[in-house]
Amino acid sequence: MFGVLNRWHPLTLAAGMVAAAWSSQAHASGLDSPQVGNGGSSPVTADAAAVHWNPGQLGFLDRGSFDFGAAVIVGRIGYQRERLGQYQYSDNLDFAEPIPATDLDPSRMGPTQSVGTTPVGPLVDMFVAAPVIPDRLVIGGGLYIPYAATLEFPDSGPQRFALQSIFLVSLHTTLSAAVKVHDRVSIGAGATYVFSFLELSKVQDFGSIGLLSDALAEDPIGQENDFGVDAPSTVRELDVMARPVSIERAISHSPSFNVGLAVQATDRVNLALAYQHGSRLRFRGDFQLNMDDDFFTQDLASQGLQYPALIRGTTEVEMRLPKRITLGAGIDATDKVRIDTWASYATYQEFDVIDIELSSPDLAQPELGVGPVANQPLVRDWRGTFHLEVAPRIQLTERLRLNTLVGYHSPASPDSTLDVASPDGHRMVFGGGVDIGLNDRWSLLADLEGQAIIPRTVTTSTYDLGNGRYSLFLGQLGLHARMRFGGAGTPQEPK
């Protein structure tokens with residue numbers, strides 16, 4: 001998954017995931033990949049990708065299946081910031097209100113230049129499933145990327161205090177099993193190992209955090225300031241307090257699981273219920289913090305404040321991927337038309353705070369009571385999201401099926417914490433593809449899916465950081481192959 005998406009709701013993690021994470025702004029309506037498996041995969045489809053979607057559907061496979069493929073994602077994310085607060089001239093050193101009117105910069109009001117990024121990236125996945133006890137027990141496995149985000153904005157753009165760049169990938173490896181407890185009822189479960197990788201960069205505004213507030217205000221420095229999470233815009237985004245920071249090579253290992261139920265209610269109606277548990281990501285990696293300004297490296301050295309020009313250390317970042325519950329139905333409207341539909345609820349409200357810890361001996365300022373560890377929880381206050389998708393399938397010929405898709409995903413980010421790291425909004429989903437049966441064993445599937453938010457204008461961003469207009473489009477073009485093995489006939493897709 002590349003881009004900040006929902007079913008890529010966008011790693012975008014997230015946020016984007018950690019991007020959303022470290023911005024003082026997950027991620028879009030989340031960070032979900034636009035499509036896991038091929039365009040025919042869903043919670044009500046009996047194919048090998050049910051390992052991810054609904055392991056209960058595996059029980060209706062009477063023949064082994066190996067599905068594998070690749071996709072490319074291309075998108076366009078745009079942002080035009082509009083400053084509604086007042087700001088000093090950026091080279092000023094007024095740290096506390098009241099700020100003289102002559103020190104306020106009239107050019108730092110209103111709309112800025114537009115910035116944009118065009119995320120492009122590859123995806124691969126593979127799934128396998130095979131009956132172990134015919135008509136009773138099926139096992140499966142999968143390797144896939146349901147969450148990811150990659151964004152690259154101008155280093156000096158107006159969005160730099162939220163995000164410059166992020167690369168986040170969450171790779172899932174799942175083993176599943178399904179048991180048919182009745183001719184029409186199958187239950188399944190899967191255990192998942194989640195490997196995640198994160199790198200990001202931004203400009204940290206030290207005026208917007210409390211790390212140095214007390215150290216500057218108290219003796220021996222005695223510099224009054226209004227710095228902290230509640231700092232007014234007038235003391236934010238000053239050059240001296242704008243310090244470039246990056247997280248590098250951060251890795252997380254975590255477990256997860258999913259369970260599912262599939263029921264052939266009638267010969268023409270298949271019902272599904274699935275639960276995905278999500279996981280708690282705990283990234284551990286390195287960080288770099290650029291403190292190369294005379295104010296930090298020499299001007300206050302005699303008063304106990306002196307940092308090296310570049311601080312290096314270790315970091316820990318914690319966040320949670322959402323739980324998700326899905327209800328679905330597959331209905332054979334005619335012998336040639338099937339309509340799959342499903343609705344999901346994702347608990348993105350659990351993405352309320354991102355806990356960030358930086359640790360380095362170079363952070364310590366003993367004479368001022370500043371230790372070697374800095375904790376910076378970032379409030380996100382995301383909301384649970386609702387997804388609805390409808391996928392008509394039309395059997396054009398014996399070997400050719402047309403897959404289509406329309407859907408809607410609600411946003412996760414409120415206006416107060418939205419920023420360019422999570423260009424979230426009401427998301428419209430659409431797609432189409434073909435399933436071509438080459439012979440009894442091999443099928444080829446090609447799919448195109450798109451997602452776009454209704455352009456969103458924000459005027460109530462907390463601390464003015466994310467006010468402005470957002471736009472987002474993401475497209476995924478995928479090509480998959482399916483090989484059937486063992487048994488006879490074709491996979492028994494529930495009706």
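Output yes when any residue across the stretch 153-171 is modelled with pLDDT of 95 or more, in contact with a Ser or Thr (Cβ under 8 Å, 6 or more places away or on another chain), under 30 Å from Val132 (Cβ atoms) and crowded, with 17+ Cβ neighbours inside 10 Å, and no when none is. So far as the stretch 153-171 goes, no, none of its residues is modelled with pLDDT of 95 or more, in contact with a Ser or Thr (Cβ under 8 Å, 6 or more places away or on another chain), under 30 Å from Val132 (Cβ atoms) and crowded, with 17+ Cβ neighbours inside 10 Å. In the set (1) over 30 Å from Lys323 (Cα atoms); (2) in contact with a helix residue (DSSP H, G or I) (Cβ under 9 Å, 6 or more places away or on another chain), the condition left unmet by Asn290 is number (2). For the stretch 300-386, the strands (runs of 3 or more DSSP E) that sit wholly inside it and include 1 or more residues that are farther than 18 Å from Ala421 by Cα and touching a Lys or Arg at 6+ places or on another chain (Cβ under 7 Å) are 310-321, 324-332, 337-346. All conditions but one from (1) among the polar types (S, T, N, Q); (2) in contact with a strand residue (DSSP E or B) (Cβ under 7 Å, 6 or more places away or on another chain); (3) closer than 20 Å to Ala452 by Cβ apply to Ser413; the one that does not is (2). Taking (1) within 30 Å of Ile331 (Cα to Cα); (2) at pLDDT 95 or above in turn, Gly278 satisfies each apart from (2).
Taken over the stretch 127-185, the criterion of being more than 18 Å from the chain's Cα centre (by Cα), of a type in the set (S, T, N, Q) and within 30 Å of Arg243 (Cβ to Cβ) is satisfied by Ser156, Gln159. The C-beta contact set for the stretch 350-376 (first residue closer than 26 Å to Ser279 by Cβ, second residue surrounded by fewer than 18 Cβ atoms within 10 Å (Cβ to Cβ) and of a type in the set (Ser, Thr, Tyr), distance under 6 angstrom, 6+ apart or interchain) comprises Ser359/Thr314; Val373/Ser359. Checking each residue in the stretch 408-464 for being acidic (Asp, Glu) and either modelled with pLDDT under 90 or out of contact with any Gly (no Cβ under 6 Å at 6 or more places or on another chain) (or both) picks out Asp415, Asp419, Asp424, Asp440. Among the residues of the stretch 366-395, those that are modelled with pLDDT of 90 or more and of a type in the set (S, T, N, Q) comprise Thr385, Gln395. Do we find a residue being touching a strand residue (DSSP E or B) at 6+ places or on another chain (Cβ under 6 Å), more than 30 Å from Asp91 (Cβ to Cβ) and either among the aliphatic types (A, V, I, L, M) or surrounded by fewer than 18 Cβ atoms within 10 Å (Cβ to Cβ) (or both) anywhere in the stretch 304-314? Yes, the stretch 304-314 contains a residue that is touching a strand residue (DSSP E or B) at 6+ places or on another chain (Cβ under 6 Å), more than 30 Å from Asp91 (Cβ to Cβ) and either among the aliphatic types (A, V, I, L, M) or surrounded by fewer than 18 Cβ atoms within 10 Å (Cβ to Cβ) (or both).
Look at (1) among the hydroxyl-bearing types (Ser, Thr, Tyr); (2) within 30 Å of Thr417 (Cβ to Cβ); (3) surrounded by fewer than 16 Cβ atoms within 10 Å (Cβ to Cβ) and you find that Thr150 fails only one, number (3). The residue of the stretch 160-205 that is nearest to Trp53 (Cα to Cα), among those that are out of contact with any strand residue (DSSP E or B) (no Cβ under 6 Å at 6 or more places or on another chain) and not in a strand (DSSP E or B), is Asp183.
The values are calculated or read from the model by the stated rules, or taken from the named source; none is laboratory data. For clarity, every value in this text was computed on a predicted model and none was experimentally measured. A quick note on method: Cβ atoms are made from the backbone with ideal geometry, for glycine too, and the neighbour counts reach across all protein chains shown.
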